[in-house]
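Input: a single structure, listed below in structure tokens.
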Amino acid sequence: MHGLNNIPKGKPVLLVSNHQNALLDALLIATSIKKFAHYLARAGVFKNNFVSKLLHSFQLIPVYRIRDGFGNLTNNNAIFNKAAQLLNNNEMVTIFPEGSHNLARRVRALSKGFTRIIYNVIDENPNSDLQLIPIGLNFKTAKNCPDSVAIYFGKPINVKDYISEHKNESIINIKTKVQNEIAQLTTHIPVANYKNTLSILENLNVDFLDPKSVNQCIANNFEDCKIAPKTNWSWLQKVFKYALILNLFLPYLIWKYSAEPKIKEVEFKSTFRFALAITVVPIYILILAIVLTLFLSFKIAVIYSISVLIIALLAIKL
């Protein structure tokens, strides 16, 4: 985590982040910042009643897109007004202005939804000291779980500096500024020759957790690139990984043959795998611990539970 101190205190803050890894992105930001925040997420994930109630309980607010039905777009008026009211109460709101998630290692064109929120804030309170904080989420391999991630919080962007009488020009300037800032906080591979550039970077084994060095590598035509440190423990990590699968065989089968095949978007794989890990796995371990207590002893049950946790930690951290 880098630049967390860039988030100002006592001011309305709109966090604007790139979006690669579905609901995990919001969770990572939520667990990084010290202040409670509200999150705007695409309405499509709220379709299931149970999931909708769960997400609302976490202060996630649905935002509608054309693909959610053209008639639903008018619902965004109330959503953006609510976000503006929160900001005018010095609350913190998080939005992913790319409008959708994508595993591509680049910052995509930003939608104008977040600028609507900005202008709603200014219309309601022209003296607002609204600050935009750009965020770059950097995953080593986003579709994997577990994975490594580096979060970079950029310097505050004072909205007052970009508001003028010419609204359309102001919106373009704000969008350009935010996109450029996020692009410096995460790996940004230009669309042209994207696949070839990505292949070269992967073959060079660059450190995708260090976006500044990766972007510099691209700008320098792959000269003098910083290489990710190699570990000598990869073989041992595989041993612990298979040991973990053996100890969590039933949850692994549920994931591999029931949950994973139903996931249509690869960006959701890590999210659902994480959800399985914090729900089904603890229950499974608890059930095994109870069985071991009944047929052997409480001491053996405790040793088993601790051993599984240690194996999981080593499989992730090595």
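The values are calculated or read from the model by the stated rules, or taken from the named source; none is laboratory data. Keep in mind that this is a model prediction, so the values were computed, not measured. Neighbour counts run over all protein chains shown; Cβ positions are idealised from the backbone, glycine included. Areas reflect the complete protein model, heavy atoms only, side chains present, ligands, DNA and RNA absent. Shrake-Rupley method; radii C 1.70, N 1.55, O 1.52, S 1.80 Å.
For V281, are the conditions met, namely being in contact with a helix residue (DSSP H, G or I) (Cβ under 9 Å, 6 or more places away or on another chain), in a helix (DSSP H, G or I) and either of a type in the set (S, T, Y) or surrounded by 13 or more Cβ atoms within 10 Å (Cβ to Cβ) (or both)? Write out each step before concluding.
Values: in contact with a helix residue (DSSP H, G or I) (Cβ under 9 Å, 6 or more places away or on another chain): yes; in a helix (DSSP H, G or I): yes; either of a type in the set (S, T, Y) or surrounded by 13 or more Cβ atoms within 10 Å (Cβ to Cβ) (or both): yes.
Against the criterion (in contact with a helix residue (DSSP H, G or I) (Cβ under 9 Å, 6 or more places away or on another chain), in a helix (DSSP H, G or I) and either of a type in the set (S, T, Y) or surrounded by 13 or more Cβ atoms within 10 Å (Cβ to Cβ) (or both)), V281 qualifies.
Is it the case that segment 229-248 has a residue that's touching an Asp or Glu at 6+ places or on another chain (Cβ under 9 Å) and either closer than 25 Å to L103 by Cβ or free of Cβ contacts under 8 Å to residues at least 24 places away in the same chain (or both)?
yes
Only one residue in K82, K9 is assigned to a loop (DSSP other than H, G, I, E, B), open to solvent by 40 Å² or more (accessible area, probe 1.4 Å) and modelled with pLDDT of 70 or more. Which one?
K9
Given the conditions (1) surrounded by 15 or more Cβ atoms within 10 Å (Cβ to Cβ); (2) closer than 30 Å to Q184 by Cβ, which single one is not true for N221?
(1)
Matching residues to (1) under 27 Å from the mean Cα position of the chain (by Cα); (2) within 30 Å of A183 (Cβ to Cβ):
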| site | (1), (2) |
| --- | --- |
| L201 | yes, yes |
| L236 | no, no |
| N247 | no, no |
| P251 | yes, no |
| W255 | yes, no |
| F268 | yes, yes |
| A277 | yes, no |
| F298 | no, no |
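Rundown of residues vs (1) part of a loop (DSSP other than H, G, I, E, B); (2) open to solvent by 60 Å² or more (accessible area, probe 1.4 Å), yes/no style:
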{"site": "K175", "(1), (2)": "no, no"}
{"site": "N196", "(1), (2)": "no, yes"}
{"site": "P229", "(1), (2)": "yes, yes"}
{"site": "P251", "(1), (2)": "no, no"}
{"site": "W255", "(1), (2)": "no, no"}
{"site": "P261", "(1), (2)": "no, yes"}
{"site": "E267", "(1), (2)": "no, no"}
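Inside segment 112-134, can you point out the residues that are under 22 Å from A183 (Cα atoms) and either open to solvent by less than 50 Å² (accessible area, probe 1.4 Å) or among the acidic types (D, E) (or both)? Steps first, answer last, please.
The initial filter retains those residues of segment 112-134 that are under 22 Å from A183 (Cα atoms), namely 112-118, 130-134.
Passing the criteria: G113, F114, T115, I117, I118, L130, Q131, L132, I133, P134.
Could you list, in sequence order, all residues of segment 85-111 that are touching a Pro at 6+ places or on another chain (Cβ under 9 Å), surrounded by fewer than 20 Cβ atoms within 10 Å (Cβ to Cβ) and part of a loop (DSSP other than H, G, I, E, B)?
Residues satisfying the conditions are N89, N90, E91, R106, S111.
Test of understanding: among L40, L28, which residue is surrounded by fewer than 22 Cβ atoms within 10 Å (Cβ to Cβ) and either out of contact with any Lys or Arg (no Cβ under 8 Å at 6 or more places or on another chain) or in contact (Cβ under 8 Å) with a residue 60 or more places away in the chain (or both)?
L28
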